[in-house]
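One structure is given below, encoded as structure tokens.
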Amino acid sequence: MGRLIGVFCVLVLLAACAKPKTSLHASDPGDVLYGRYCRACHQQNGTAAANGWPALSGSAVVNGDPKVLALWVMYGIQPTATVSGVSPSRMPAYATLKDEELAVLLTYVRSHFKNSAEAVDLDLIKKIRAEHP
């Protein structure tokens, strides 16, 4: 019986350790979306340096025309500019996200990681979706 309790305790500890880490800003919807869709490639701090994916921190594309960034995120349409010295990489298209989620996510990226670009307007996302069904 004691051995069974010991095995159970080990399983409980393993399950607790296997839970995904939650963000310090879990109440921020942009951070939640970033964690779900972007963090694996672009890293927690947006630098992505170690894994070869483009950095979001200080990126000309992230801080530039929000339509260019939206097209890249929504449909995988690559910008012509390089991203933090890295040639634009093919990224998955996230057009399945709701318009509101895309606006929140892109605004989050444009206002974090040493970026200070304006918010992405929901109307812009709707316009892009209408132009690219």
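Read-outs: derived from the displayed coordinates by stated rules, not from any lab. Note that the structure is predicted; figures quoted are calculated from it, not measured. Counting neighbours? That spans all protein chains shown, and the Cβs are built from the backbone with ideal geometry, glycine included.
Between Ser27 and Ser111, how many nm apart are label points set 7 Å from Cα along the C-beta direction?
1.5
Over what distance in Å are the Cα centres of segment 66-81 and segment 89-133 separated?
Their Cα centres are 9 Å away from one another.
Starting from the Cα-Cα distance between Asp99 and Lys126, subtract it from 0.36 nm times their residue separation and give me the gain in nm to one decimal.
Fully extending the segment from Asp99 to Lys126 adds 9.1 nm.
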